[in-house]
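Colleague: Structure below; questions to follow.
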Amino acid sequence: MPQRIGSIEKNSLACEIEMQQLLTVAEVAELLSVSPSLVYRLKDDGEIPCYRIGRGAIRFSHDDVEKYLAARRVGKEQKQMPSAASSLSVFKHLDPSRLAVAWREKGVS
């Protein structure tokens, strides 16, 4: 539903975009401490969505850049890898005594 701002009607997406600051490629590159070419690659790969303005200008939402960063955070909050014991559960069908005999025959201790 369009909203009226002054004498101009704007839809909710335009209002939402207006409320947040849009960033240029150079600003995103500086924010992420990467090269502008990597920002273009992230855009082309669909990693960070962008807005195309005019013929060639593109802009990025600060929220989208923050979401990209949050999705790549590593540390304590990251899912822990399964323990070795739980990852061996895929080999339940193997008989340990037969494996031990085969390993001894191959010289594996």
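Colleague: Please specify each residue of region 27-42 satisfying the condition of being in contact with a helix residue (DSSP H, G or I) (Cβ under 8 Å, 6 or more places away or on another chain) and outside any loop (DSSP other than H, G, I, E, B).
Modeller: Initial filter on region 27-42 (in contact with a helix residue (DSSP H, G or I) (Cβ under 8 Å, 6 or more places away or on another chain)): 28-29, 31-32, 35-36, 38-40, 42.
Across region 27-42, the qualifying residues are Val28, Ala29, Leu31, Leu32, Pro36, Leu38, Val39, Tyr40, Leu42.
Colleague: What is the number of the single condition among (1) at pLDDT below 90; (2) more than 22 Å from the chain's Cα centre (by Cα) that Gln80 does not meet?
Modeller: With (1) at pLDDT below 90; (2) more than 22 Å from the chain's Cα centre (by Cα) applied to Gln80, the lone miss is (2).
Colleague: One residue is enough: does region 56-76 have a residue meeting the conditions surrounded by fewer than 12 Cβ atoms within 10 Å (Cβ to Cβ) and either hydroxyl-bearing (Ser, Thr, Tyr) or at pLDDT 95 or above (or both)?
Modeller: No, every residue in region 56-76 fails to be surrounded by fewer than 12 Cβ atoms within 10 Å (Cβ to Cβ) and either hydroxyl-bearing (Ser, Thr, Tyr) or at pLDDT 95 or above (or both).
The values are calculated or read from the model by the stated rules, or taken from the named source; none is laboratory data. Predicted, not measured: the structure shown is a model, and the values here were computed from it. Backbone-built Cβ (ideal geometry, glycine too); neighbour counts: all protein chains shown.
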